[in-house]
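Structure first, commentary second.
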Amino acid sequence: MMQISIDGPSSPKIIQWLLDTRPLWPVPGHLKPKEEVAELRTVASRALALLSETEQASVLKYYHLKDAKMSLASHLLKHLVITKYCNVPWSKSTISRDANGKPCFIAEGASKPVTMDFNVSHQAGIVSLIASLGFDLRVDVGTDVVCANERQKHDYDHIEKQGFFDWIDMHGDVFAESELNHMKLSSVPLDLSGPDFSISGFAKDALGRCQWRNAKINLKITSADGKESTVQVDSNTVIDKKLRKFYAMWCLRESYVKMTGEALLAPWLKELEISDVQAPDAASYIQDSNSLVMGEVVRDFKILFKGRKVTNVKMELSALGPAYMVGGSVKIPKEIPDFAMASWQQLDLEDDILAVAERNR
Ligand SMILES: CC(C)(COP(=O)(O)OP(=O)(O)OC[C@H]1O[C@@H](n2cnc3c(N)ncnc32)[C@H](O)[C@@H]1OP(=O)(O)O)[C@@H](O)C(=O)NCCC(=O)NCCS
């Protein structure tokens, strides 16, 4: 039976949730991909039972288990945010799509979506959700999650054959020219010199020009007392940093275009420039490669749209574990004062989702 308003009305806020599907719904190891997905009917029966027939079919149509699991998690998170914050039981938390395909909630009998906006992203087993809650006006939100090493072999193969600049150019259609140049040529921070050393302009240029793996780069560094010396850097370290910067910039752009809802149909993709991007650093001393421990969060970006500074969009990019980054973008109407975005909260399938859904059917 329905219980309403689980979290009750509260002050306006942005919430950000994560669900890690990698350890969820394990299936026997000997199965073929299609059989693994079919096995979800058994191992994820409780979660699937919370979805409509159509939604269940949309989960079970995937070829790969990881995609089916992320789709299932995405459905659960969207229903959860509606049930928790729109005062409806789970059975009425129907997900609609706006004219651009962005998911939204239109309450029964209403003709337009509720004020709350939410957005979902999934990549390499992680599903993120951002939502704007309790505002009087609509506050558009977008999220994207990337995994910088998910396609590492593929990325390295291309870079070793054609160079990093060519690899960047493959994505030329969706980035602004200034961003393409930044990703190719800007220097990357290297942890080689410690606080008592600085890297000269020439050395920075050498790092900027680096586009091949498996090479050594000689860099001139200057110590605090003015002494110059040369250090050798492995170009693989430089390329890895440049790749991380690329994925950081991809993540920010995607979260921005998803916030607008226009997504890839946006005719202005090349006129959006997000500059001064440095990828957030992963937390140090991560022992477990599957860890999602929160690392650095970066917030200072310069956003230009058609050459003009954008001041009404707030963006954050957070490092998660060694290789994931998750972005959140929020468009702030001028009537609303600035506000902080809540940090990413990792949900527990049982306690935070299934139990809530079942209590509020
Ligand atoms: C569909 C798109 C919105 C996101 O696709 P994506 O990055 O492959 O996938 P993500 O996992 O980040 O996001 C998928 C979610 O976006 C949401 N979404 C779909 N259409 C959307 C739209 N018009 N606006 C905002 N969100 C949308 C959905 O919730 C979808 O998940 P669901 O189907 O489980 O509900 C679109 O931007 C796209 O196709 N991107 C391809 C990547 C690309 O070339 N990006 C260029 C850099 S800007």
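Nothing in this text is a laboratory measurement; each read-out follows from the coordinates by a stated rule. If you're wondering where the values come from, they're calculated on a predicted model, not measured in any experiment. Cβ: placed from backbone, ideal geometry, glycine included. Neighbour counts: every protein chain shown.
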Report task. Can you tell me the 0 to 90 degree angle between the C-alpha axis of helix 152-162 and the longest principal axis of the chain, rounded to 10? Result -> 40
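FRET efficiency for Arg46 and Asp173, Cβ-Cβ distance as r, R0 = 51 Å, nearest 0.05? Let's see the in-between values first.
Details: r = 43 Å, r/R0 = 0.83.
So, using R0 = 51 Å, E works out to roughly 0.75.
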Query raised in the report: Counting only Cα, what are the radius of gyration and maximum Cα-Cα distance Dmax of the chain, in Å?
Result: 22.5, 75
**Report entry** Distance between modelled label sites at Asp191 and Ala57, nm, 7 Å Cα→Cβ extension
**Finding:** 5.1
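Return the loop-located trypsin sites (Lys or Arg not before Pro) in the range 48-98 (DSSP other than H, G, I, E, B) with at most 14 other Cβ atoms within 10 Å of their own Cβ; answer none if there are none.
Values: sites: Lys61, Lys66, Lys69, Lys78, Lys84, Lys92, Arg97; in loops: Lys61.
Here the sparse-neighbourhood loop sites are Lys61.
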Report summary line: Place a point 7 Å from the Cα of Lys112 in the direction of its beta carbon; the residues of the range 317-361 whose amide N falls under 19 Å from it are 331-336
Report task. May I ask you to compute the full-extension gain from Lys204 to Lys153, defined as 0.36 nm times their residue separation minus their alpha-carbon distance, rounded to one decimal in nm? Result -> 15.7 nm
Report task. Round to a whole angstrom and tell me the spacing of the C-alpha centers of the range 307-343 and the range 196-219. Result -> 32
Query raised in the report: With respect to the cross-link table entries Lys78/Lys314; Lys102/Lys245; Lys245/Lys334; Lys34/Lys245; Lys220/Lys306; Lys66/Lys331, which display a Cα-Cα separation exceeding 29 Å?
Result: Lys245/Lys334; Lys34/Lys245; Lys220/Lys306; Lys66/Lys331
Query raised in the report: Lys32 versus Ser291, label points 7 Å from Cα toward the beta carbon: distance in nm?
Result: 4.0
Query raised in the report: Counting Lys and Arg as +1 and Asp and Glu as -1, what is the net charge of the other residues whose Cβ lies under 9 Å from the Cβ of Asp144?
Result: +1
Query raised in the report: In units of 2.2 N^0.38 Å, what is the alpha-carbon radius of gyration of the range 1-133?
Result: 1.11
Query - Using alpha-carbon coordinates, inclination of helix 33-43 to the longest axis of the chain, degrees - result: 50
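Explain nothing, just the number: dipole magnitude of the range 153-240 about its Cα centre with +1 on each Lys and Arg Cβ and -1 on each Asp and Glu Cβ, in debye rounded to the nearest 20. It would help to have the intermediate numbers written out before the result.
Details: 9 positive and 15 negative charges, 65 e Å.
The dipole of the range 153-240 has a size of about 320 debye.
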Requested in this report: Compute the FRET efficiency between Ser284 and Asp166 as 1/(1 + (r/R0)^6), taking r as their Cβ-Cβ distance and R0 = 30 Å, and round to the nearest 0.05.
Outcome: 0.40
**Report entry** Local net charge near Arg22, Cβ-Cβ under 10 Å (Lys/Arg +1, Asp/Glu -1)
**Finding:** +1
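Can you list the chymotrypsin sites (Phe, Trp or Tyr not before Pro) in the range 272-318 that are in a DSSP coil and have 10 or fewer other beta carbons within 10 angstrom? Don't skip to the answer; put the middle values down first.
Details: sites: Tyr285, Phe301, Phe305; in loops: Tyr285, Phe301.
Those that pass, being in a loop and sparsely packed, are Tyr285.
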Query raised in the report: Based on Cα positions only, what radius of gyration and what Dmax would you give for the range 153-240, in angstroms?
Result: 14.5, 47
Report summary line: So, with points 7 Å from each Cα along the Cβ direction, the Asn214-Arg308 label distance in nm works out to 5.1
